[in-house]
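The values are calculated or read from the model by the stated rules, or taken from the named source; none is laboratory data. Nothing here was measured: the structure is a model prediction, and the numbers come from that model. Here Cβ is always computed from backbone atoms with ideal geometry, including for glycine, and neighbour counts include all displayed protein chains. Each accessible area value is taken on the protein alone, full model and side chains, heavy atoms only, with ligands, DNA and RNA left out. Shrake-Rupley method; radii C 1.70, N 1.55, O 1.52, S 1.80 Å.
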Amino acid sequence: MISVIIVEDNKIICESLASLINGTDGFSCTAYYGDCESMFRDTKLSGADVVLMDIELPGMNGIEGVKKIKEKYPDVSVIMLTVYEDNQRIFDALCAGACGYLVKKTPPAQLLEAIKDVNSGGSPMSSHIARKVISIFQQDKWKNKLNEDSLLSQREREVLTSLSKGESYQEIADNLYISIDTVRHHIRNVYSKLHVHSQSEAVAKAIRKGLI
């Protein structure tokens, strides 16, 4: 059973999505919210597999919501479900940690398939969004921004900075109010992004690149 949470401020759309998910075998909508703040106040997010996230929301917007989800619950997959198709929002959402990007006119069957896909490790996007993503990353200015500003997330930098100070995994977990498993997850991501295999390599390379 794939557990899904919806964050959408249009009540009609939200309830329609919940009905679609709950009416399909193998899927369960465990909660839906009109804003990110309500979701973070609840406890259901920790048990979710997938979050369907709108971008324009009252209070915290969806892109900031994705960042916070990935910092606190890195194993939860987020699909942006929005009316926006501009390059800036697509880029910002993916850099924030979204695993997929769909428009709200996506047919129901395709949306359910996308949820299944992202839960299996995929990155679902409609074909025209995928073409935009390719275009974005072919532009030098976006390549530079990705390499310099978005190589590591803020949380990954915090963990790496703590490592550079000689802190243990437990100390990092305590200081950042996260679990040791989450610390390990961030460190694995750092190793992968920096193409290194040890803490000392990671710290040295990050310092050379000015990432910490």
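Here is how the numbers come out for the structure above:
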| item | result |
| --- | --- |
| Residues of segment 69-81 classified as open to solvent by 40 Å² or more (accessible area, probe 1.4 Å) and either hydroxyl-bearing (Ser, Thr, Tyr) or over 8 Å from the mean Cα position of the chain (by Cα) (or both), total | 4 |
| Breaking point among (1) closer than 22 Å to residue 21 by Cβ; (2) crowded, with 19+ Cβ neighbours inside 10 Å, for residue 91 | (1) |
| Residues satisfying the stated conditions in segment 176-202, i.e. more than 17 Å from residue 212 (Cα to Cα) and touching a residue at least 60 places away in the same chain (Cβ under 8 Å) | 178, 182, 185 |
| Residue check, residue 13 more than 26 Å from residue 185 (Cβ to Cβ), open to solvent by 50 Å² or more (accessible area, probe 1.4 Å), touching a residue at least 40 places away in the same chain (Cβ under 8 Å) and out of contact with any Gly (no Cβ under 9 Å at 6 or more places or on another chain) | yes |
| Residues within segment 1-58 that are more than 13 Å from residue 78 (Cβ to Cβ) and assigned to a helix (DSSP H, G or I), tallied | 19 |
| Residue among 24, 30 that alone is open to solvent by less than 40 Å² (accessible area, probe 1.4 Å), of a type in the set (Val, Ile, Thr) and touching a helix residue (DSSP H, G or I) at 6+ places or on another chain (Cβ under 9 Å) | 24 |
| Selection within segment 159-187 - on the phi > 0 side of the Ramachandran plot and within 23 Å of the chain's Cα centre (by Cα) | 177 |
| Of all residues in segment 113-127 being under 19 Å from residue 29 (Cα atoms) and among the polar types (S, T, N, Q), the one that is most open to solvent (accessible area, probe 1.4 Å) | 120 |
| For residue 84: the one exception among (1) closer than 18 Å to residue 120 by Cα; (2) open to solvent by 10 Å² or more (accessible area, probe 1.4 Å); (3) among the hydroxyl-bearing types (Ser, Thr, Tyr) | (1) |
